[in-house]
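Enquirer: Here's a structure for you.
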Amino acid sequence: DAGITQSPRHKVTETGTPVTLRCHQTENHRYMYWYRQDPGHGLRLIHYSYGVKDTDKGEVSDGYSVSRSKTEDFLLTLESATSSQTSVYFCAISEGSDTGELFFGEGSRLTVL
Amino acid sequence: GNSVTQMEGPVTLSEEAFLTINCTYTATGYPSLFWYVQYPGEGLQLLLKATKADDKGSNKGFEATYRKETTSFHLEKGSVQVSDSAVYFCASRAGARQLTFGSGTQLTVLP
């Protein structure tokens, strides 16, 4: 199994509070991604990183920010959580080849009340 | 932009039935195509992939052929098992930066 660890795995929070999800990899892969999974939408890309301090927006980036200060860690922050951000969040990593697969973490379930 | 459209679910089959889950894509250029599977409570795992036209990906009895002329990558299995019950996602990758997913198809196989 690819070495990807997400934390926390489950979190319940209130509207308006900040939340940070962490993704840690031990594979030294260049690319890291944050996706959210919602019924009927599949997985949608929030942000991704193509190197330390190099990040870019995905299709659903509003309300989210990311940081990557080390190769192995990619943080996703919700500055002020809203109920629409209740979702399951998946981190993924990739070596970067356009034929290569993404390896996924086990997911972080976030509930915003 | 890139997009993936896959067959709406849920799909319910009896054990040993034939499975087809349709997937079509739109993309600039020639993307790599993937099928991922998600078992309950888990992350996504790669099931199979194809990187160029007419390639056939296969794994665990599942197959899919990259059809450029119909922009399709349909997933098939000749005889499904209860253990195949999961959510299946079709995805395309045009370039190194991201994977675009379909909405997923829930498969339930009954004994």
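The values are calculated or read from the model by the stated rules, or taken from the named source; none is laboratory data. All values derive from a computational prediction rather than experimental measurement. Cβ: placed from backbone, ideal geometry, glycine included. Neighbour counts: every protein chain shown.
Enquirer: Conditions: (1) at pLDDT 95 or above; (2) of a type outside the set (A, V, I, L, M, F, W, C); (3) over 22 Å from B:S3 (Cα atoms). A:R30 meets all but one. Number of the miss?
Expert: Single failed check for A:R30: (1).
Enquirer: When you scan the stretch B:30-91 for strands (runs of 3 or more DSSP E) that lie fully inside it, which ones turn up with 1 or more residues that are surrounded by fewer than 19 Cβ atoms within 10 Å (Cβ to Cβ) and either more than 14 Å from every other protein chain (Cβ to nearest Cβ) or free of Cβ contacts under 8 Å to residues at least 40 places away in the same chain (or both)? If you could, list the steps in order and put the result at the bottom.
Expert: Details: elements: B:32-38, B:44-50, B:56-59, B:62-65, B:75-77.
It comes to B:44-50, B:56-59, B:62-65, B:75-77.
Enquirer: Okay, moving on. How many residues does the stretch B:6-29 contain that are surrounded by 15 or more Cβ atoms within 10 Å (Cβ to Cβ) and either without any contact (Cβ under 8 Å) to a residue 60 or more places away in the chain or polar (S, T, N, Q) (or both)?
Expert: 3
Enquirer: Which residue is surrounded by the most Cβ atoms within 10 Å (Cβ to Cβ), if the candidates are limited to the stretch A:83-107 and must be of a type in the set (V, I, T) and at pLDDT below 95? I'd like the intermediate steps shown before the answer.
Expert: Filtering the stretch A:83-107 down to residues of a type in the set (V, I, T) leaves A:86, A:88, A:93, A:99.
Subset that is at pLDDT below 95: A:93, A:99.
On the way: A:I93: 26, A:T99: 14.
Applying the filter and picking the extreme gives A:I93.
Enquirer: Given the options A:L110, A:L43, name the one that is of a type outside the set (K, R), within 16 Å of A:Q6 (Cα to Cα) and crowded, with 17+ Cβ neighbours inside 10 Å.
Expert: Unique residue meeting the criteria: A:L110.
Enquirer: Across the stretch A:71-94, what is the total count of residues that are assigned to a loop (DSSP other than H, G, I, E, B) and facing chain B (nearest Cβ under 9 Å)? Step through it out loud before you land on a result.
Expert: Here is the first cut: in the stretch A:71-94, the residues assigned to a loop (DSSP other than H, G, I, E, B) are A:71-72, A:79-82, A:86.
Filter once more, so that each one left must be facing chain B (nearest Cβ under 9 Å): none.
So the answer is 0.
Enquirer: Considering only the stretch A:1-37, how many residues are farther than 27 Å from A:T82 by Cβ and either touching a helix residue (DSSP H, G or I) at 6+ places or on another chain (Cβ under 8 Å) or of a type in the set (A, V, I, L, M) (or both)?
Expert: Pass one, the stretch A:1-37, residues farther than 27 Å from A:T82 by Cβ: A:1-3, A:25-31.
Those still in the list that are either touching a helix residue (DSSP H, G or I) at 6+ places or on another chain (Cβ under 8 Å) or of a type in the set (A, V, I, L, M) (or both) too: A:2.
The total comes to 1.
Enquirer: I've got another one for you. Would you mind telling me which numbered condition in (1) in contact with a strand residue (DSSP E or B) (Cβ under 7 Å, 6 or more places away or on another chain); (2) assigned to a strand (DSSP E or B) A:S61 fails?
Expert: (2)
Enquirer: Can you go through A:D56, A:D62 and tell me which one is more than 11 Å from chain B (Cβ to nearest Cβ) and loosely packed, with under 15 Cβ neighbours inside 10 Å? It would help to see each step written out before you state the result.
Expert: Values: A:D56 fails: more than 11 Å from chain B (Cβ to nearest Cβ).
A:D62 is the lone residue from the list that is more than 11 Å from chain B (Cβ to nearest Cβ) and loosely packed, with under 15 Cβ neighbours inside 10 Å.
Enquirer: Does A:S80 count as of a type outside the set (F, W, Y), over 14 Å from the mean Cα position of the chain (by Cα) and modelled with pLDDT of 95 or more?
Expert: Yes; evaluated as a whole, the condition is true for this residue.
Enquirer: Every residue in the stretch A:68-87 that is β-branched (V, I, T) and under 16 Å from A:G58 (Cβ atoms), please. Step through it out loud before you land on a result.
Expert: Keep residues of the stretch A:68-87 that are β-branched (V, I, T), which gives A:71, A:77, A:82, A:86.
Answer for the stretch A:68-87, where residues must be β-branched (V, I, T) and under 16 Å from A:G58 (Cβ atoms): just A:T77.
Enquirer: Now, a different point. Given A:R44, A:R36, A:R68, which one is among the basic types (K, R) and either facing chain B (nearest Cβ under 10 Å) or assigned to a loop (DSSP other than H, G, I, E, B) (or both)? First the steps, then the outcome.
Expert: Numbers: A:R36 fails: either facing chain B (nearest Cβ under 10 Å) or assigned to a loop (DSSP other than H, G, I, E, B) (or both); A:R68 fails: either facing chain B (nearest Cβ under 10 Å) or assigned to a loop (DSSP other than H, G, I, E, B) (or both).
Every option except A:R44 fails the conditions.
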